[in-house]
Structures are given as structure tokens and as C-alpha cells.
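To start, the structure under review is shown below, and the notes come after it.
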Amino acid sequence: DPSGHWGESFLDIAFIAYDIYDIKANGWNWVNGLSLAADVGGLALPVVTGGGLLVRGAFHADDVAKVVSHADDVVKVASHADEAVDALRLAGHLGDGTHAVLTASMLKQVGVHSDEGARLVKALAEQSTHGSGSRVVLGEWIQGGGYIAEAKINGGIFFETAEGVYDALGRDADLAWAVNEQFLRNQLATGTRIELHGFKSVTTALDNLAEGRALRREIEYLLQHAAEYGYVLEGNAWIRR
């Protein structure tokens with residue numbers, strides 16, 4: 001490539017890979033989060049590379065003010081990140097799991113209370129939707145079993161975030177729930193049957209699940225909102241009539 005753009009892209013991909021490794025290993029923080037945004041943005045913009053190194057250098061030099069003073073530039077760069085991530089994923093450089101980690105990292109930075117945040121929540125909900133069939137399966141997460149195994153073996157749609165996504169969200173339960181809730185809204189809008197797996201009844205599940213648990217929040221959300229979409233609860237399943 002005479003322009004040198006491929007060489008820059010190769011470096012950007014390497015920087016992004018390191019940022020994601022850092023997030024998975026150490027959890028999300030301002031250093032690796034801003035570094036990831038800068039590096040992904042650098043991939044989308046010509047003749048801009050190494051932004052993450054500049055961010056890390058500023059923090060490690062205790063020159064936080066320097067980074068803050070360029071916050072608008074970071075946001076402008078990050079606004080191009082989704083285009084770059086889509087291009088990389090389609091090119092085979094990044095898997096869907098890494099794509100989800102990138103989306104989660106950007107969501108952590110912008111929050112949910114903005115148009116960009118709402119768009120990222122929808123994107124991450126789609127990236128966390130798996131399986132196929134005529135039903136959605138809810139239940140507790142169990143290694144090698146639980147609701148995911150039920151959906152995979154007997155058919156069904158299920159929600160599962162990729163490895164590293166929760167850390168990229170800063171281990172923020174409310175951000176994670178915003179994505180989970182979007183998944184439920186998406187499924188309710190399609191009229192797909194929603195089944196609770198692993199409990200004798202919805203009441204039994206609520207009696208055994210602690211406050212704040214993801215499955216409990218899913219059940220409570222459906223009890224409060226499923227009827228708005230024309231659903232009724234029959235046994236352990238919400239069915240649209």
C-alpha cells in the first residue's frame with residue numbers, strides 16, 4: 001500500500017487488541033476506556049494512529065488535565081468507532097465477542113442518557129442475542145447448563161453477553177440491566193413466546209432469587225410490562241394473545 005494506510009491500520013488493530021486485553025484482564029477504567037476509543041477512532045480516520053498511547057502516556061505522566069482538555073477530540077474520534085468496528089468485524093479481524101466489548105466500552109463512556117447511548121444499548125442487546133426458534137428462554141446461568149443449554153439443545157432464543165462485556169461496562173449493574181431490558185423489549189415487540197426455565201413457577205423463582213439478580217429483574221419487568229404488548233402469563237410462559 002503506497003499510501004501507508006495499511007501499515008497504520010495494522011498498528012491500530014494491534015493497539016485495539018491490547019486495549020481489549022487490558023479491559024478483560026483489569027476491568028474498565030478511564031485509561032483503557034479512553035485508549036480504546038482513541039485507537040478505534042484512529043482506525044476510522046486517515047493518518048491518525050497511536051491515540052491510545054497518547055492517552056496512556058498522559059495518565060501515566062499524571063497529566064490528566066491534558067487528556068481532559070482534549071475530551072472533545074476523543075468524543076469526535078469515538079463517533080467514528082462503530083464504522084471502524086463494523087469494517088473490522090466484516091473483514092474477519094474481530095469476532096462478534098470483541099465487537100460487543102468495543103460497544104460496551106463506548107457505552108460506559110457515554111452512558112445511557114443520550115441518543116448515542118440509546119443506540120449503543122440497542123447494538124449491544126443485538127450482539128447479546130443468540131439462538132433461534134419460536135420461543136425465548138430465560139433462566140439462571142449455570143456453567144454448561146441452565147437456560148443456555150436448554151435453548152441450544154431444544155431450540156430457543158437466549159440472552160448472553162460476551163466475555164469481557166461486563167468488565168467493559170465498568171461492572172455497572174445498571175448499564176448491564178439497560179442492555180438486558182432492551183433485549184426483553186425487542187422480544188416482546190416480536191410477539192415471541194417467553195418461557196422461564198428451571199423453576200416450578202414464577203412465584204417460586206421470585207421466592208428464591210435475591211433482589212437485584214438479573215433473572216429476578218427480568219421476571220419483574222415482564223410482570224409489569226408484558227401486558228402492554230398483549231401478553232398474558234400462563235404457567236411459566238408469557239404468551240401474546
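Odds and ends about this structure:
- Stretched out straight at 0.36 nm per residue, the stretch from Asn154 to Ala17 would grow longer than its current Cα-Cα span by 45.8 nm.
- Take the Cα of Thr204, step 7 Å toward its Cβ, do the same at Ser134, and the gap between the two points is 2.6 nm.
- Ordering Ser128, Ser35, Ser201 by the number of other Cβ atoms within 10 Å of each residue's own Cβ, fewest first, gives Ser201, Ser128, Ser35.
- Remark: the Lys122-Arg185 segment gains 21.7 nm on full extension, using 0.36 nm per residue and subtracting the alpha carbon distance.
- Using a Förster distance of 45 Å, the FRET efficiency for Leu54-Leu233 (Cβ separation, nearest 0.05): 0.25
- Ordering Gly230, Phe199, Phe159 by the projection of their Cα atoms onto the charge dipole of the stretch 126-241, which places +1 on the Cβ of Lys and Arg and -1 on the Cβ of Asp and Glu, puts Gly230 at the extreme positive end.
- Compactness of the stretch 90-241 is given as radius of gyration and Dmax, 15.4, 48 Å, from Cα positions.
Read-outs throughout are calculated quantities, based only on the coordinates presented, and are distinct from any laboratory measurement. Small disclaimer: the values here were computed from a predicted structure and weren't measured. Ideal geometry is used to build each Cβ from the backbone, glycine not excepted, and the neighbour counts take in all protein chains shown.
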